[in-house]
Amino acid sequence: MLSNPWFYALVLGAFIIAGLAYYAGKLLMQLRQQTQRQQQAEQEHKLALHLYDKKILDSVVIIVRAMKEEQCDYGEGCWRLSVLLDSLKTSEGLNLQFPAIFELYGKIKHLSILDDRKQLAKKQRMKQDLERMKIETELRHQITRDIELLHQYAVERISALTEQPGFC
C-alpha cells in the first residue's frame, strides 16, 4: 500500500484540497470583513452628510425667521438662503421648490457687497440699492410664500434627519 503511487497521489491531493479549502475560507472571511467595513464607512458617511445638512437647515430656519420678522431684508436673506440651499448634500431640486428665492438671488448676485460696496461712489450705491429694492418689491409676494414653505420644509427635514438611526 505504501509503495502504491496512487496512495501518495491521493494523500497529496487531500493536502492540496485542504489547503485550498483553508485559503478559500480565509478569503471569504476577509471579504466579509471588508464588506462590513464598507457598510460601516457608508453609514458614517451618510451620518456626516446628515449632520452637515442639519447644521445648514438650522441656519436656514434662523434666516427665514429673521426674514419673517423683518430683521433681514429679502435681498440679503435670499442671497444667504440660495448659497445655503445649494450646499445641502442630501437634497436636490430646491431651486424648483423655492423659485422666487433663487430668482431674487439670480437677479441681485451681480450687485456689490462688503468691501466692494464700500468702495462704490454714493450715487452708484444708491443706484444698486434702488435696483435691489425694485426687484425685492417685484418678487415680495412669491418670496413670502417661498419662505413659509421653506420654513416648513426645513423643520420637517431637520425632524426627519434627527429620527435617522445612528443620529446623535
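The values are calculated or read from the model by the stated rules, or taken from the named source; none is laboratory data. This is a predicted model, so every value here is computed, not measured. Cβ atoms come from the backbone with ideal geometry, glycine included; neighbour counts cover every protein chain shown. Accessible surface areas use protein heavy atoms only, side chains included; no ligands, DNA or RNA. Shrake-Rupley method; radii C 1.70, N 1.55, O 1.52, S 1.80 Å.
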**Request:** Measure out, as a whole number of angstrom, how far apart the alpha-carbon centroids of the stretch 47-71 and the stretch 86-136 sit.
**Result:** 19
**Asked** Taking the chain, how much of its Cα-Cα pair set, in percent, is spaced more than 20 angstrom apart?
**Response** 66
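What percentage of the solvent-accessible surface of the stretch 29-168, computed with a 1.4 Å probe over protein heavy atoms, is contributed by carbon and sulfur atoms? The partial results should precede the final answer.
Numbers: 4850 of 9390 Å².
Exposed carbon and sulfur together represent 52 percent of the surface.
Is the stretch 66-147 rounded, prolate or oblate when judged by the Cα gyration tensor, a ≥ b ≥ c being the square roots of its eigenvalues, rounded requiring a/c under 1.5 and prolate requiring a/b larger than b/c? Display every interim value, and only then the final one.
Values: a/c = 2.19, a/b = 1.63, b/c = 1.35.
Judged from the Cα gyration tensor, the stretch 66-147 comes out prolate (a/c at least 1.5, a/b above b/c).
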**Prompt:** What stretch of the chain, leaving out the sites themselves, is the longest with no GluC sites (Glu not before Pro) in a DSSP loop having at most 16 other Cβ atoms within 10 Å?
**Reply:** 93-162
**Request:** Distance check, please: which entries in 54/134; 68/123; 68/109 exceed 24 angstrom between their Cα atoms?
**Result:** 54/134; 68/123
**Request:** May I ask for log10 I(q)/I(0) of the stretch 1-49 at q = 0.16, 0.21, 0.31, 0.32 Å⁻¹, from a Debye sum over the Cα atoms as equal point scatterers with solvent left out?
**Result:** -0.62, -0.76, -0.99, -1.01
**Request:** Would you be so kind as to identify which of 162, 4, 57 lies farthest towards the positive end of the dipole of the chain, taking Lys and Arg as +1 and Asp and Glu as -1 on Cβ and the Cα centre as origin?
**Result:** 4
**Computed P(r) (all Cα pairs; the stretch 126-168; 10 Å bins; percent)** = 25, 27, 22, 17, 9, 0
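Only four residue types carry charge here, +1 at the Cβ of Lys and Arg and -1 at the Cβ of Asp and Glu. Report the dipole size of the stretch 60-168 about the Cα centre in Debye, rounded to the nearest 20. Walk me through the intermediate numbers first.
Working: 17 positive and 17 negative charges, 110 e Å.
Charge dipole, the stretch 60-168, about its Cα centre: 520 debye, nearest 20.
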